[in-house]
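Notes follow once the structure below has been shown.
The values are calculated or read from the model by the stated rules, or taken from the named source; none is laboratory data. Values in this document were obtained by computation on a predicted structure and should not be read as measured data. Virtual Cβ from ideal backbone geometry, glycine too; neighbours counted across all protein chains shown.
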Amino acid sequence: MKYKLLPSLALVTLGITALAPGAFANPTVGRETRTGDIYVSGLGSYQSIKGEYSSLPRSTNKNANECGVIKLSGSSASLPINAGDTFKLNGGTDIAFNSLVVEAEPKCSNGVLVGNPTPSATLKDSNGNVYFTGLTPYSSNVVTYNNAPTLRSVKASTCGTARFSNSGKYVVTSGSLTITDSATGSTIVTIADVGAMTAVSGGPICRNGATFTTADWPSP
């Protein structure tokens, strides 16, 4: 793999939308074909940035109550529920929020459901809360939010390049990624669809304060 010296950090990339013109040098964004890592160049030296993924699956452990019910709060600050969202329970099939029947909240009294004694297996109430029923009382379960907003912090190198690794809980193949400046909250760039990004054979490398890129890295 051959690298070339990047002549300028004021770059433009296809497939992205740069916002707040004049606030930052025009960033260049590319996605490495082999790893799926996302690289950003054109940032300030050691600049702290944040990336918000729009549809990165997030899993959380939930314990059923004594009636075998799990409740997901529709107004949760960290894991809000919106129209169009989908979920998985214990790795099963996707459950679409929009397809759920609106029923009364299944209430539990001394291990017995009251008010709504025979609810649907999965339902939602009029406040947008979701309920999984029919589980083993006090059992531990894994609920996966397929469309949860996820915030991630990274820092640029001395050359002004940063990498969002595509590993662990940050494996993503679609959805948007909005990159902002950590200090000001200003939007640097919005990638509308991660899966449609410019593909490159390798990300920028910083050596002795100089940035080197592969031949297929987007040109200035």
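Only residues that are of a type outside the set (Val, Ile, Thr) and more than 18 Å from residue 58 (Cβ to Cβ) were counted in region 130-166, giving 13. The selection criterion, being assigned to a strand (DSSP E or B) and closer than 17 Å to residue 26 by Cα, does not hold for residue 144. Just one of the listed residues (153, 219, 174, 167) is at pLDDT 95 or above, within 29 Å of residue 54 (Cβ to Cβ) and not basic (Lys, Arg), and it is 153. All conditions in (1) farther than 26 Å from residue 34 by Cβ; (2) in contact with a strand residue (DSSP E or B) (Cβ under 9 Å, 6 or more places away or on another chain) hold for residue 159, with the sole exception of (1). The residues in region 51-77 that are under 16 Å from the mean Cα position of the chain (by Cα) and among the basic types (Lys, Arg) can be counted, and the count is 1.
Residues that are in a loop (DSSP other than H, G, I, E, B) and under 10 Å from the mean Cα position of the chain (by Cα) within region 147-172 comprise 147, 148, 149, 171, 172, listed in sequence order.
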